[in-house]
1. Those residues that are aliphatic (A, V, I, L, M), at pLDDT below 75 and in a helix (DSSP H, G or I), I need them from the stretch 56-78; list them, please.
2. I'm trying to understand the selection: among the residues of the stretch 26-36, which are over 18 Å from Ala8 (Cβ atoms) and either surrounded by 14 or more Cβ atoms within 10 Å (Cβ to Cβ) or in contact (Cβ under 8 Å) with a residue 60 or more places away in the chain (or both)?
Amino acid sequence: MDIKLDPARKERVAARLQLLFSKEFDEKLSDFRAAEVVDLMLRTLGPAIYNQGVQDARAHLQAKLDDLEGEVYADGDT
(Lines give C-alpha, C1' and ligand atoms only; values in the text may rest on other atoms or scores of the structure.)
Protein backbone atom coordinates (compact mmCIF):
# COMPACT_ATOMS: atom_id res chain seq x y z
CA MET A 1 0.00 0.00 0.00
CA ASP A 2 1.38 3.38 -0.99
CA ILE A 3 0.12 6.13 1.30
CA LYS A 4 0.76 9.64 0.07
CA LEU A 5 0.13 13.08 1.53
CA ASP A 6 -0.78 16.06 -0.58
CA PRO A 7 2.29 18.31 -1.05
CA ALA A 8 1.08 21.09 1.28
CA ARG A 9 0.36 18.64 4.12
CA LYS A 10 3.69 16.88 3.58
CA GLU A 11 5.47 20.24 3.83
CA ARG A 12 3.66 21.04 7.08
CA VAL A 13 4.58 17.67 8.57
CA ALA A 14 8.20 18.08 7.48
CA ALA A 15 8.29 21.56 9.03
CA ARG A 16 6.93 20.19 12.33
CA LEU A 17 9.56 17.46 12.20
CA GLN A 18 12.29 20.05 11.63
CA LEU A 19 11.01 22.03 14.62
CA LEU A 20 10.95 18.90 16.79
CA PHE A 21 14.52 17.97 15.84
CA SER A 22 15.69 21.51 16.43
CA LYS A 23 14.08 21.86 19.87
CA GLU A 24 14.42 18.34 21.26
CA PHE A 25 17.63 17.07 19.67
CA ASP A 26 19.47 20.31 18.84
CA GLU A 27 19.84 19.10 15.26
CA LYS A 28 18.96 20.92 12.07
CA LEU A 29 17.21 18.84 9.43
CA SER A 30 17.35 20.05 5.85
CA ASP A 31 14.12 20.16 3.87
CA PHE A 32 15.30 17.08 1.96
CA ARG A 33 16.13 15.07 5.10
CA ALA A 34 12.85 16.02 6.76
CA ALA A 35 10.90 14.97 3.66
CA GLU A 36 12.78 11.65 3.60
CA VAL A 37 11.92 10.99 7.26
CA VAL A 38 8.26 11.77 6.53
CA ASP A 39 8.32 9.34 3.59
CA LEU A 40 9.92 6.65 5.77
CA MET A 41 7.28 7.16 8.45
CA LEU A 42 4.52 6.90 5.86
CA ARG A 43 5.96 3.68 4.46
CA THR A 44 6.51 2.05 7.84
CA LEU A 45 3.64 3.38 9.97
CA GLY A 46 1.10 4.36 7.34
CA PRO A 47 -0.32 0.92 6.55
CA ALA A 48 -0.73 0.00 10.23
CA ILE A 49 -2.45 3.31 11.01
CA TYR A 50 -4.68 2.95 7.93
CA ASN A 51 -5.64 -0.61 8.89
CA GLN A 52 -6.43 0.46 12.45
CA GLY A 53 -8.66 3.23 11.10
CA VAL A 54 -10.49 0.74 8.90
CA GLN A 55 -10.96 -1.64 11.85
CA ASP A 56 -12.22 1.19 14.08
CA ALA A 57 -14.69 2.34 11.42
CA ARG A 58 -15.89 -1.24 10.88
CA ALA A 59 -16.40 -1.76 14.61
CA HIS A 60 -18.30 1.53 14.90
CA LEU A 61 -20.57 0.69 11.96
CA GLN A 62 -21.09 -2.87 13.23
CA ALA A 63 -22.19 -1.52 16.62
CA LYS A 64 -24.68 0.77 14.87
CA LEU A 65 -25.98 -2.14 12.76
CA ASP A 66 -26.27 -4.38 15.82
CA ASP A 67 -28.45 -1.74 17.48
CA LEU A 68 -30.50 -1.05 14.34
CA GLU A 69 -33.36 -3.39 15.24
CA GLY A 70 -33.74 -1.76 18.65
CA GLU A 71 -33.77 1.67 17.05
CA VAL A 72 -36.32 1.03 14.31
CA TYR A 73 -38.36 -1.92 15.58
CA ALA A 74 -42.07 -1.18 15.48
CA ASP A 75 -44.15 -3.06 18.00
CA GLY A 76 -47.30 -4.27 16.25
CA ASP A 77 -49.20 -4.92 19.49
CA THR A 78 -50.08 -1.30 20.27
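1. If the condition is that a residue be aliphatic (A, V, I, L, M), at pLDDT below 75 and in a helix (DSSP H, G or I), then Val72 is the only one that fits.
2. Answer for the stretch 26-36, where residues must be over 18 Å from Ala8 (Cβ atoms) and either surrounded by 14 or more Cβ atoms within 10 Å (Cβ to Cβ) or in contact (Cβ under 8 Å) with a residue 60 or more places away in the chain (or both): Leu29, Arg33.
The values are calculated or read from the model by the stated rules, or taken from the named source; none is laboratory data. None of the values given here were measured: they were computed from a predicted structure. FYI the Cβ positions are ideal-geometry reconstructions off the backbone, even for glycines, and counts take in every protein chain you see.
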